[in-house]
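These notes concern the structure reproduced below.
The values are calculated or read from the model by the stated rules, or taken from the named source; none is laboratory data. Keep in mind it's a predicted model, so treat the numbers as computed, not measured. Neighbour counts are summed over all protein chains in view; Cβ atoms, including those assigned to glycine, are modelled from backbone coordinates with ideal geometry. Calculation scope for accessible area: heavy atoms of the full protein, side chains included, ligands and nucleic acids excluded. Shrake-Rupley method; radii C 1.70, N 1.55, O 1.52, S 1.80 Å.
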Amino acid sequence: MTVHLTERQAPAATAPVVRPRGPQAATRPPRVRRFALELARFSVVGGSGVAVNVLFFNLALHGLNWAPMVATVLASCVAMGTNYLGFRFFAYRDRASRTRGQIALFFAFSGLGVVMESALFYLGYHAFGMSGSLGSNIAKVLSIVLASAFRFVAYRTWVFQHAKNGR
């Protein structure tokens, strides 16, 4: 048996050094970064959905001379279908796996979003006289943007939830 007469403290364990990326990354907590990434992915999918929505709307309203409300509702429904794939496989791919309940919730909340979007479009188109080519597009985009705030909260809260044992 060896006895040491001098006392030395064991070296303290140090936490690994994590280098933040970018000048502001050090001030952002991980939760904020995850939320910002989620919002960015939602915006990418949503932006492509807006493009599909507006293109189909213009084709239907100005190209095929459909009624404004028919054009806006159908354009929103077409975009809803393409958005599901983007949200499931890109924006919320880290969330719980696809289930029938998730699909039903997605289309239920998307349907509510279409109703909100259509009501807002109707208000802009008929009540505020945004019926010309430019005005109808402004009314359409504004209605999409306002309904998207509702969709973002609904999708992240109820549709694409984290797994029960996840984050």
*asked:* For the range 123-144, give me each residue that is without any contact (Cβ under 8 Å) to a residue 40 or more places away in the chain and aliphatic (A, V, I, L, M).
replied: Leu123, Ala127, Met130, Leu134, Ile138, Ala139, Leu142
*Ala60 open to solvent by less than 50 Å² (accessible area, probe 1.4 Å), closer than 16 Å to Arg151 by Cβ and at pLDDT 95 or above*: no
*Of the residues that sit in the range 106-122 and are touching a residue at least 40 places away in the same chain (Cβ under 8 Å) and of a type in the set (A, V, I, L, M, F, W, C), which one is surrounded by the most Cβ atoms within 10 Å (Cβ to Cβ)?*
Phe121
*Qualifying position, being over 26 Å from Arg31 (Cβ atoms) and either assigned to a helix (DSSP H, G or I) or modelled with pLDDT of 95 or more (or both), among Ala154, Ala75, Ala149*: Ala75
*asked:* Please count how many residues of the range 78-101 are crowded, with 20+ Cβ neighbours inside 10 Å and not in a helix (DSSP H, G or I).
replied: 2
